[in-house]
Amino acid sequence: MASYEPPSTVTDRVRALREALASRVVVADGGMGTMLQAQEPSLEDFEQLEGCNEVLNVTRPDIVRSVHEEYFAVGVDCVETNTFGANL
């Protein structure tokens, strides 16, 4: 599987998003948490904060990246890292 290489600058990313929005339906949804949990991270991976998926961005970026790669493999154009607890 070829690795996805995102546009290199903010301007390029904005341009790519605008082109996508102008040419097709863009859906923002996903099962990031479910897919992260399917990787069976350990309690140590969560730094003893069981289920705190944000911690995996630091402790297990390989897991987060693998989930992103799974999305890209099926044709998704854009993913974001999990931020479940970032908003009220």
Inset, instruction - Select from segment 1-44 the residues that are at pLDDT 90 or above and in contact with a Lys or Arg (Cβ under 7 Å, 6 or more places away or on another chain) and list them in ascending order. - result: P41
Legend entry - Subset of segment 11-40 that is of a type outside the set (A, V, I, L, M) and over 23 Å from S66 (Cα atoms) - its residue that is least open to solvent (accessible area, probe 1.4 Å): D12
Inset, instruction - Just one of (1) closer than 29 Å to A16 by Cβ; (2) open to solvent by 40 Å² or more (accessible area, probe 1.4 Å); (3) of a type outside the set (G, A, S); (4) at pLDDT 85 or above trips up N87, so point out which. - result: (4)
Inset, instruction - Go through segment 26-40 and give me each residue that's free of Cβ contacts under 8 Å to residues at least 24 places away in the same chain and assigned to a loop (DSSP other than H, G, I, E, B). - result: V27, A28, D29, G31, E40
Inset, instruction - State which residue is farthest from V79 (Cα to Cα) when the search covers only segment 41-59 and only residues that are open to solvent by 40 Å² or more (accessible area, probe 1.4 Å) and in a helix (DSSP H, G or I). - result: T59
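The values are calculated or read from the model by the stated rules, or taken from the named source; none is laboratory data. For clarity, every value in this text was computed on a predicted model and none was experimentally measured. Neighbour counts are summed over all protein chains in view; Cβ atoms, including those assigned to glycine, are modelled from backbone coordinates with ideal geometry. Just so you know, the surface numbers come from the protein's heavy atoms only, side chains and all, with ligands and any DNA or RNA stripped out. Shrake-Rupley method; radii C 1.70, N 1.55, O 1.52, S 1.80 Å.
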